[in-house]
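Asker: Just dropping this structure here.
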Amino acid sequence: MRIRTFDEYQAAYQHSIEDPETFWAEIAQEFQWRKPWKRVLQWNFDEPNVKWFQGGKLNITENCLDRHLLTRGDQPAIIWEPNDPAEAGMTLTYRMLHEQVCRMANVLKRNGVGKGDRVCIYMPMVPELAIAVLACARIGAIHSVVFGGFSAQSIADRINDAQCRLVITADGAYRGNKEIPLKSVVDDALIGCPSVEKVIVMTRTRTPVAMLKGRDVWMEQELKQVTADCPAEEMDAEDVLFILYTSGSTGKPKGVVHTCGGYMVYAAYTFQNVFQYEENQTFFCTADIGWITGHSYIVYGPLACGATSLLFEGVPTWPDCGRFWDIVDKHQVNILYTAPTAIRSLMGFGLEKVENHDLSSLKVLGSVGEPINAEAWHWYDDHIGKNRCPIVDTWWQTETGGILISPVAGVTKTKPTFATLPLPGVQPVLVDENGKEIEGNGVSGNLCMKFPWPGMLRTTWGDHERCRQTYFSAYPGLYFTGDGCLRDEDGYYRITGRVDDVLNVSGHRIGTAEVENAINMHTGVVESAVVGYPHDIKGQGIYAYVIADAMPADHDADLTKRDILATVSRVIGPIAKPDKIQFVTGLPKTRSGKIMRRILRKIAEGDTSNLGDTTTLLDPAVVDEIKAGAL
Ligand code: 6R9
């Protein structure tokens, strides 16, 4: 399973292309299966129908926990660093984690949850979050983690789509100097969620909460009622492990579905190889478990490999901008995996808070979530890695389950801003608008995959046709990623960003249509159009063009803007708030009524010199008005 040299990488890659089934079967054999699979792979990208390790029986928590008990029971599995450095942290060994997962699993059972039931998890970044996730997996319940920054409405939409039976939450969450009343947000959400029978509430902030008789129970009290004995449920390799909602170019977020066997093999294989994790190292992924990065590289990948995973509750800039470096120093972190937006925000504070920490434990640095610009790459390399730590720029998606294109740390020669080469088993192709494959090097196009890998999504929850439409219909026979990509003269890949109407704001995926729908819910708004524009720290910022109702002459435009922001916060969550709102009287539309986003994007970027052909517009004059009022 382990690649050590570039020759080994090339050999593994070759093997994975020539004989994918043998290649993945050999890797899968390193895990613990209750029953072996009957068939390694069955697939077509038309329906689509993808099945890995069919007939194989396993439980992912036996692989992440039980099988380590004999060899590393006393080794730390999770090191927890709280939001406030003055608060005591916590270390859970594999034995302790195993016990707590079993207890929580029994609590779920006691509250009526069984195999196949959906459980929504809305929690702060505390060990209980990882424990809740694993407890679901232990009994075969399907978890749907919702990031703590989403609104009540977003939670309700996700709960209803998956028909969740139970919610696990906390009274509140600490994030920097803020306190977020999680339970009260859940209460608002549940007004419209008849499928939810029970809510388990953990105590974190001691914020007063309403506890509804018959529905809400305290986690601490429940845990006292159960034993630590909970045999793992036997799962089929293709049983659903979790749903994770993500934004696309149209409509509401969709529930990406991952299954037990393939996801486990892929998360573990990529973790081990990309980061070159060595026994007893400490791995620190700064993502939130509410995103796929946290699922695969805080919880499942590291634990499946018997690693020590550091879980951080807070933010990089509180109490000061040295918080990450403080954690690296304190816990002697060996591998740091973070996002370009965090690097860019910390760069702005200078080096004082970097240089007063010992970062010599670091061996490998990772980047994920959005393209990393050259300046951030070099700052990371020079000041954090001191030019002695390889940087792995890892490209992947919620849908891919694990990393697809990335250097293997210390093995693949890196090149700033390039995700470099596909991992073994990954077969990227670039296609032009007509779906024709663009071969050779020194070319660019839309990034697709022509062969399945074990960690890929199987469907979108409750709507398989949507999965086909979204990912497999643009280019028949291919999985379309939604990203544009360049392959340079050396065959190295550089992801250039989304080619659809999906924004990437601070590494968070947000659909323009979602933000427009939210803005349009404000009473004063007639219509809106949302585009992205380059933002120094966030990567992309959100620019909204809004047509407001006829307003009295003395109206306060700033107040209306604030109301719109409040509306978006309510409907989606604070992460989707526009950075700029420009009031306009019309939008550039074609005669068929389509908004010409290309023009709006250019204006938002501040590039109004060449707007291209505007003659097909219904009313070309609106363009001048918008240009004149641009922010
Ligand atoms: C893992 C994750 C996926 C989208 C993806 C792409 C962008 C992620 C990247 C990157 C350039 C990288 N993206 N990693 N772009 N270089 N190393 O972020 O999943 O939240 O689903 O976002 O993020 O545009 O399509 P997700």
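Here, each number is a calculation from the coordinates, and none is a lab measurement. It should be emphasised that the depicted structure is a prediction, and the values quoted were computed from it without experimental measurement. Every residue, glycine among them, receives a Cβ derived from its backbone with ideal geometry; neighbour counts consider all protein chains shown.
Asker: Is the chain rounded, prolate or oblate when judged by the Cα gyration tensor, a ≥ b ≥ c being the square roots of its eigenvalues, rounded requiring a/c under 1.5 and prolate requiring a/b larger than b/c?
Answerer: Taking the square roots of the gyration eigenvalues as a ≥ b ≥ c, the chain is rounded.
Asker: Next question. Cut-off under 19 Å on the C-alpha distance; same-chain residues fewer than 8 positions from Lys627 excluded. Which aspartates and glutamates are left, in chain and number order?
Answerer: Filter leaves Glu527, Asp579, Glu605, Asp607, Asp613, Asp619.
Asker: Could you tell me which of rounded, prolate or oblate describes the stretch 506-629, using a ≥ b ≥ c as the square roots of the eigenvalues of the alpha-carbon gyration tensor, with rounded for a/c under 1.5 and, failing that, prolate when a/b is larger than b/c and oblate otherwise?
Answerer: Oblate, because a/c is 1.5 or more while a/b does not exceed b/c.
Asker: Hey, in the chain, which Cys have no second cysteine's beta-carbon closer than 4.7 Å?
Answerer: Isolated Cys, the chain: Cys64, Cys136, Cys193, Cys260, Cys285, Cys305, Cys321, Cys389, Cys448, Cys467, Cys485.
Asker: Excluding Ile537 itself, calculate the net charge of residues whose Cβ lies under 13 Å from the Cβ of Ile537, where each Lys or Arg counts +1 and each Asp or Glu counts -1.
Answerer: The answer is -2.
Asker: Hey, what do the phi angles of the stretch 75-81 turn into as Karplus ³J(HN,Hα) couplings, whole Hz, using 6.51/-1.76/1.60 and θ = phi - 60°, x for Gly and Pro?
Answerer: 7, x, 9, 10, 10, 9, 10
Asker: Hey, which aspartates and glutamates would be in cross-link range of Lys57, C-alpha to C-alpha under 12 Å, not counting anything within fewer than 8 residues on its own chain?
Answerer: Within the straight-line cut-off, Lys57 pairs with Glu233, Glu234, Asp236, Glu238, Asp239.
Asker: 7 Å from Cα along Cα→Cβ at both Asp607 and Ala557: what's the point-to-point distance in nm?
Answerer: So the label points at Asp607 and Ala557 sit 2.6 nm apart.
Asker: Please give, to one decimal in nm, the separation of the simple spin-label points placed at Ile537 and Ala628, each 7 Å out from Cα toward the Cβ.
Answerer: If labels sit at Ile537 and Ala628, their model points lie 3.4 nm apart.
Asker: Distance from a point 7 Å along Cα→Cβ of Asp463 to each backbone N in the stretch 143-186: keep the residues under 14 Å and list them by number.
Answerer: Of the residues in the stretch 143-186, 157-163 have backbone N under 14 Å from the label point off Asp463.
Asker: What net charge is computed for the residues neighbouring Thr616, neighbours being all others with C-beta under 15 Å from the C-beta of Thr616, Lys and Arg scored +1, Asp and Glu -1?
Answerer: Working: positive: Lys589, Arg591, Lys594, Arg597, Arg598; negative: Asp613, Asp619.
For residues surrounding Thr616, the net value is +3.
Asker: Another question about this same structure. If I take R0 = 30 Å and measure r between the Cβ atoms of Gln221 and Asp74 in this structure, what FRET efficiency does the formula 1/(1 + (r/R0)^6) give, to the nearest 0.05?
Answerer: According to the calculation, E is roughly 0.55.
Asker: Given the DSSP H assignment, sum -39500 (n - 2.57) over each helix run of at least 4 residues in the chain and divide by its residue total; what's the result at 222 nm in deg cm²/dmol, nearest 500?
Answerer: It comes out at -8000 deg cm²/dmol, rounded to the nearest 500.
Asker: Using modelled backbone amide H atoms (1.01 Å from N, in-plane), which distant-in-sequence or interchain residues come within less than 5 Å of Val315's amide H?
Answerer: For Val315, the qualifying residues are Gly176.
Asker: Excluding residues fewer than 8 places away in the same chain, name every one of the lysines whose C-alpha is closer than 18 Å to that of Lys224.
Answerer: Partners within reach: Lys109, Lys198.
Asker: While we're on this one: Can you pick out the pairs among Lys183/Lys213; Lys115/Lys252; Lys415/Lys577; Lys38/Lys254; Lys178/Lys353; Lys353/Lys580 whose Cα atoms lie more than 24 Å from each other?
Answerer: Beyond 24 Å between Cα atoms: Lys115/Lys252; Lys415/Lys577; Lys38/Lys254; Lys353/Lys580.
Asker: Taking DSSP loops as anything outside H, G, I, E and B, show the longest stretch in the chain free of GluC sites (Glu not before Pro) there with at most 16 other beta carbons within 10 Å.
Answerer: Free of exposed loop sites, the longest segment is 280-432.
Asker: On to the next question. Please report the antiparallel percentage of the DSSP beta bridges confined to the chain, to the nearest 5. It would help to have the intermediate numbers written out before the result.
Answerer: Values: 59 of 100 bridges.
The antiparallel proportion sits near 60 percent.
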